[in-house]
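Enquirer: Take a look at the following structure, please.
Where a number appears in this text, it was derived from the coordinates with a stated rule and is not lab data. Keep in mind that this is a model prediction, so the values were computed, not measured. Cβ sites come from the backbone with ideal geometry, for glycine too, and all protein chains shown count toward neighbours.
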Amino acid sequence: MFDLGYFDKAFLEPWRVVIVSIQAGGNSQEAGIILAVILVILWAFMFWMLKLIIWNVIFPKIRLIDQYGNRINTVRVYLHTRAAKPSITDILTRHKREYWYGKFRLMPFLQFYRIMIDKGSYRTRRTPWHIDIFTDGMNLRWNEKESCYVVDEKNLADTFDEKAPYLSDALEDVQTVGDMVVEGVKGDFGLIKKKFKLGLSVKRLTDHNINDKELEEDYANE
């Protein structure tokens, strides 16, 4: 009989103990069930570590990173190929095209897609689990001319807003709050003084009936 050695003792023998314990019944059955649960957890942890240490390192994912640090995982690559011969256009434009074959999802299992990365246009970085591409195009699209997926930067433009309208709206809101505070404490000059001491922005209303003489008399009484 074929001897599996350490593999048999470490991975198969515990399951035989589980089967024998469950068949024995009683307390042995409960112990066998607990051991089975522990083994399932340990096996799941082992496969997860193998995925991180081996699978993700050998078959990394292409990750797109924009200028704000946003990260998008796109496709897991399984085969790396270079262009057979660069064209004159590539030489003049300093293109350095590299091709990868990968999968966006597990199924269908045998269907792979070609992805083209132009290292002359994008800064790339190889990490243990990813191939990072620094670009503002956070997606891959199909290119009919190249017959492969490329980084999608088509019609990509940054729109910058002027801060002046936002400052104007903010100051208007602060002024409205100040008007409402004065309106709410109208007639109670002690509260008005406290609001000023707290640094709250206020504005005297033009339609109230409080004049400067009344204010001076109130301050004198205090």
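Enquirer: Want the number for Gln111 to Val40: 0.36 nm per residue separation, take away the alpha-carbon distance, what's left?
Expert: 22.4 nm
Enquirer: Indicate the gyration tensor shape class of the stretch 7-54 (rounded, prolate or oblate), computed on the Cα atoms with a ≥ b ≥ c the square roots of the eigenvalues: a/c under 1.5 is rounded; otherwise a/b larger than b/c is prolate and the rest oblate.
Expert: oblate
Enquirer: Hey, what do the phi angles of the stretch 96-112 turn into as Karplus ³J(HN,Hα) couplings, whole Hz, using 6.51/-1.76/1.60 and θ = phi - 60°, x for Gly and Pro?
Expert: Coupling constants for the stretch 96-112: 9, 7, 10, 10, 10, 10, x, 9, 7, 9, 5, 10, x, 5, 9, 9, 10 Hz.
Enquirer: Follow-up. Neighbour counts of other C-beta atoms within 10 Å: give me His130, His80 arranged from fewest to most.
Expert: With the fewest neighbours first, His130, His80 line up as His80, His130.
Enquirer: Amide H to amide H under 5 Å from His130: which residues, 5+ apart in sequence or cross-chain, H placed 1.01 Å off N in plane?
Expert: Lys61
Enquirer: Return a whole-number percent for the relative contact order of the stretch 7-54, with Cα pairs under 8 Å and 6 or more residues apart as the contact set.
Expert: It comes to 25 percent, rounded to a whole number.
Enquirer: What is the distance, in nm, between label points placed 7 Å from the Cα along the Cα-to-Cβ direction at Lys154 and at Leu52?
Expert: Roughly 3.9 nm, to one decimal.
Enquirer: Check which residues have an amide H placed less than 5 Å from Lys96's amide H, if you skip close sequence neighbours.
Expert: Answer set, sorted by chain and number: Lys119, Gly120, Ser121.
Enquirer: Another question, if that's okay. Kindly flag which residue pairs out of Lys51/Lys96; Lys119/Lys163; Lys96/Lys163; Lys119/Lys145 have an alpha-carbon separation exceeding 29 Å in this structure.
Expert: Checking Cα-Cα distances, Lys51/Lys96; Lys119/Lys163; Lys96/Lys163 exceed 29 Å.
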